[in-house]
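K.L.:
Mind looking over this structure? Questions follow.
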Amino acid sequence: MAYVSECILSAIDLKPLRCVAKEYKTSRSLFYEWQSKGNKVIELPSNLSSISRNLTQGRLLLRFDTLTGQREIYERFCIRKPNPKTRALKFKDRYVSRNPSVFYFVILPEFCYCDELTISKEENTLEEVFTIGNRQSIIWLNIEHEARREFHLEFLFYGPDELEFRKRLKKEPEVITISEEFKIKFKGIRDLARIASGFAGTIGV
């Protein structure tokens, strides 16, 4: 059976309060690394340590030329206000993966920020937070799990509040300068943020 990877790109809207997403799947390897010295892209081994190292350093590339949207952009009803007495909003999603590799990406609205202590921890899963421009992104990455697994993903977030956002600036992923021939096929974290943020406002209320 072919190795299948899943990539879920999603963006949170505040007006209306919702999350819009699109799922992608590929039967080829999803994770790559750019090597500027040799001007080439190399496939990463299918293990969490090598992929997570590139992710935390902001150098991870995802192959997008063979990815196909399994469904159109759609709403995930996973945003709510957990307590009327607080300013916090809660992202909470139950995602069932039927394939052995999952990359789940959420981008917040401008000048919103998450409470990192509330980001759910999943077994053998890497969690990472980046700042990309005026937005934060939260990523969960899991490699080589069983054929069907439930992920319970959640965190609290606040805003928009530009002052508080800037107090909590996270590291920005590296700007990866790759050759033109590779730009269509491979996307970095910044590219994923641009694609996901474009989902906002694309579905009628």
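K.L.:
If a residue counts only when it is touching a residue at least 40 places away in the same chain (Cβ under 8 Å) and touching a Cys at 6+ places or on another chain (Cβ under 6 Å), which strands (runs of 3 or more DSSP E) contained entirely in segment 100-185 have at least 2 such residues?
P.N.:
149-158
K.L.:
Quick check, is E164 surrounded by 12 or more Cβ atoms within 10 Å (Cβ to Cβ), out of contact with any Leu (no Cβ under 7 Å at 6 or more places or on another chain) and among the charged types (D, E, K, R)?
P.N.:
Yes, satisfied.
K.L.:
Is it true that some residue in segment 150-159 is at pLDDT below 90 and more than 24 Å from N83 (Cβ to Cβ)?
P.N.:
Yes, some residue in segment 150-159 is at pLDDT below 90 and more than 24 Å from N83 (Cβ to Cβ).
K.L.:
Can you tell me which condition I8 does not meet? The list is (1) free of Cβ contacts under 8 Å to residues at least 60 places away in the same chain; (2) more than 21 Å from V175 (Cβ to Cβ), and all the others hold.
P.N.:
Status for I8: all satisfied but (1).
K.L.:
For segment 32-61, give me each residue that is touching a Phe, Trp or Tyr at 6+ places or on another chain (Cβ under 9 Å), within 27 Å of R94 (Cα to Cα) and either free of Cβ contacts under 8 Å to residues at least 40 places away in the same chain or among the β-branched types (V, I, T) (or both).
P.N.:
Result: S50, I51, N54.
K.L.:
Quick one: which of E144, E172, E128 is among the acidic types (D, E) and either crowded, with 19+ Cβ neighbours inside 10 Å or modelled with pLDDT of 95 or more (or both)?
P.N.:
E128
K.L.:
Anything in segment 19-50 that is on the phi > 0 side of the Ramachandran plot and at pLDDT 85 or above? List them, or say none.
P.N.:
Scanning segment 19-50 gives no hits.
The values are calculated or read from the model by the stated rules, or taken from the named source; none is laboratory data. Quick caveat, the model's predicted, so the values are computed rather than measured. For neighbour counting, all protein chains shown are included, and Cβ atoms are generated from backbone atoms with ideal geometry for every residue, glycine included.
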